[in-house]
Amino acid sequence: MLLAATAFTPDPNPLSQQWLSALVAAVPIVVMLVTLGGLRWKAHIAGLTSWAVSLLIAVTVFSMPVGMALSTSAHGFVYGLFPIVWILLCAIWMYQVTVISGRFDDLRSTFFLISDDPRVLGLLIAFCFGGLLEALAGFGAPVAITTVMLIAIGFSKLRAAVTALLANTVPVAFGAVGLPVLTAAQVADLPVLAIAPISGRICAILGLLVPFLLLAVMDGKRGIAQCWPFGLVVGVIFGAVKWVVSGTSLYNLTEIFAAVVTVIVAIGVLKVWHPKGGAEAVPRVGAPMDESLEGQAPAPQAGDTQLTGGRIAMALVPYLLVIVVFSIAAIPAVKAALVSTNVKIPWPLLGELMAVSGQVSGHAVFTFSWLSSPGTLLALVAVLVGIIYKVPFAELFAELWKNIVKLRFTMLTIGAVVALAYVMGDSGQTYALGLAVAGAGAVYPYLSPILGWIGTYVTGSDTSANLLFSNLQASVGDQIGHKELLVGAGAAGGVVGKMISPQSLAIAASAMGLVGSESVILRRVIGWSLVLLAFMCVITGLMSTPVLAWLLP
């Protein structure tokens, strides 16, 4: 029993009643939500507890061999450390280099040259620049980087984290150069251009709503009342570009085009129109959302009017380098060269682990992407920034070690959560949840985004959610019709699960310098996630009817 000597294929219905199997499979998720969001446990304790529950259910209910369950847990934990924690660590390291170099204050002042309104800057940084980072890097880097950038312009820590998480929704389906939608199409055995336009159009419609929610998070009703024209411009332009590009052979560059075009148009609009109340909004945006967590708000600081062109250029160096380095790494020939250095390591006891489809599980091999990982590219940027800023190497790498120590509990949290995701997926628990939702019959199109939401919440990745559920979406589509719509909607649904994923919460908490605050962040964002999910479900359902069928390509 301790060793996995025979092949194991997960049974998603071990209790012979799908609703009952799904109910049991949902227990680890409920445990995570209750312990983290309700009981306010530390994230690493909640994560380890949820993993232990999922392990117990995997062995006792889903009949997974103990050795195999422990081994896939270990694989998940290691994957949580590399590449996920590695990306977070290097993103924060890059930011800390700007702090110890003394260039951080110049960055804040530089942003205020674009606009003196923090709400406008919040949309440009979190929604547009965050979308660009999602397209180039993904894996939590946008949340980590935009959170510290928002803090740089005067946002309170928690407000910055919530804003960054909420903004990191619309771009996710086409993140990491289109990988999620490509994966969905491949798993469903459909042409990618049958799926990408559908996911793109659903997310484009979502993008009309998100800027207004961001304004509400940043400055409540006054933020919407005073900045709605700018929010409308950002949402319409981003959505329009996304709508068009996602239906072309350049679908994998959808977010890059959308982010760049939107920033250009938005800056042009600011030349002829300025929202009212920007100065009055500064202290409100900087006010703590939770004083017991964040402490008193710092006094607002005015931007430096003595900035020179050289100081501005130096302040922007880290983020320009991020764009340049990741853009070069995304060139097909360069990307192929980097990927060729990946080291594939067979994982012990998982050689006989099968997926629900009957194929050998992808977890049977661990891929050590030491050079192609976004974390390694961010580390390169951090070192280059240190050289350009003339930070001594001893001080540069001492800062890296300080961050490793500071993130030790975050590492444990993310490792435990990914271990949970691996056990739930490999034992059949996650698929059991999917089958229960898919059993809804004719009303299923209204529920199809929920599978993506569940999958991304559990795994922390829209790509992984599509690996889990796109084949199921396609199978249901074969029975009730609307096959492409269901697969595309599932890929789109994952984007609103990203913000409440324990991985994302841990990244946001670490980025804002308040490790252990994941439960507070969860309570602030889960309502937005559910609102957006409901909105997406209605849109998708109506697209399966004559009411909105005209939206389909």
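Side notes on the structure shown:
- Using the 1.4 Å probe convention, the accessible area of the chain works out to 37 Å² per residue with neighbouring protein chains retained.
- Region 9-87, Rg to Rh (Cα coordinates; Rh as Kirkwood inverse mean 1/r): 1.02
- Of the trypsin sites (Lys or Arg not before Pro) found in region 344-446, those in coil by DSSP whose Cβ has at most 15 other Cβ atoms within 10 Å are Lys390.
- Of the residues Gly223, Leu208, Ala196, the one whose Cα sits farthest toward the positive end of the charge dipole of region 189-285, with +1 on the Cβ of Lys and Arg and -1 on the Cβ of Asp and Glu, is Gly223.
- Estimated dipole of the chain in Debye, rounded to 20 [Cβ of Lys and Arg +1, of Asp and Glu -1, Cα centre]: 680 debye
- Computed with the Debye formula from one identical point scatterer per Cα of region 401-475, without solvent, the log10 of I(q)/I(0) at q = 0.18, 0.20 Å⁻¹ comes to -0.70, -0.81.
- Two-decimal Rg/Rh across region 125-183, once Rg and the Kirkwood Rh are taken from alpha-carbon atoms: 1.01
- With contributions of -39500 (n - 2.57) from each DSSP H run of at least four residues, the per-residue ellipticity at 222 nm computed over the chain stands at -22000 deg cm²/dmol.
- Region 480-547 - percent of accessible surface contributed by carbon and sulfur, probe 1.4 Å: 70 percent
- Region 100-232: translational diffusion in µm²/s, Stokes-Einstein, Kirkwood Rh over Cα pairs, 4 °C, 1.567 mPa s: 83 µm²/s
- Dipole-positive endmost among Pro12, Val282, Ala43 within the chain (Cβ charges, Cα centre): Val282
- The value given for region 34-162 is a Kirkwood hydrodynamic radius of 17.5 Å, derived from the mean inverse Cα-Cα separation.
- Accessible surface of region 181-230, 1.4 Å probe, proportion on carbon and sulfur as whole %: 65 percent
- As computed over region 264-402, the Cα convex hull volume per residue (Å³): 302 Å³
- For the chain, the longest principal axis of the C-alpha atoms and the axis of helix 483-493 are separated by about 50°.
- A compact globular protein would have a Cα radius of gyration near 2.2 N^0.38 Å; the ratio found for region 425-553 is 1.11.
- Which listed pairs, of Lys42/Lys242; Lys242/Lys335; Lys157/Lys271, have C-alpha distances above 32 Å, in listed order: Lys42/Lys242
- In summary, region 168-319 shows an alpha-carbon radius of gyration equal to 1.28 times the 2.2 N^0.38 Å reference for compact globular proteins.
- The relative contact order of region 453-553 comes to 26 percent, based on Cα pairs under 8 Å that sit 6 or more residues apart.
- Value of relative contact order over region 1-146, rounded to a whole percent, pairs C-alpha under 8 Å and six or more apart: 22 percent
- Gyration tensor analysis over the Cα atoms of region 351-428 returns equivalent ellipsoid semi-axes of 37, 16, 8 Å (largest first, whole Å).
- For the chain: relative contact order, % (alpha-carbon pairs under 8 angstrom, 6 or more apart): 27 percent
- Distance from the alpha carbon centroid of region 381-430 to that of region 84-114 works out to 16 angstrom.
- Centroid-to-centroid separation of region 487-553 and region 178-249 [C-alpha atoms, Å]: 12 Å
The values are calculated or read from the model by the stated rules, or taken from the named source; none is laboratory data. Because the structure is a prediction, the values reported are computed rather than measured. Methodologically, a virtual Cβ is constructed for each residue, glycine included, from the backbone with ideal geometry; neighbour enumeration extends over all protein chains shown. Just so you know, the surface numbers come from the protein's heavy atoms only, side chains and all, with ligands and any DNA or RNA stripped out. Shrake-Rupley method; radii C 1.70, N 1.55, O 1.52, S 1.80 Å.
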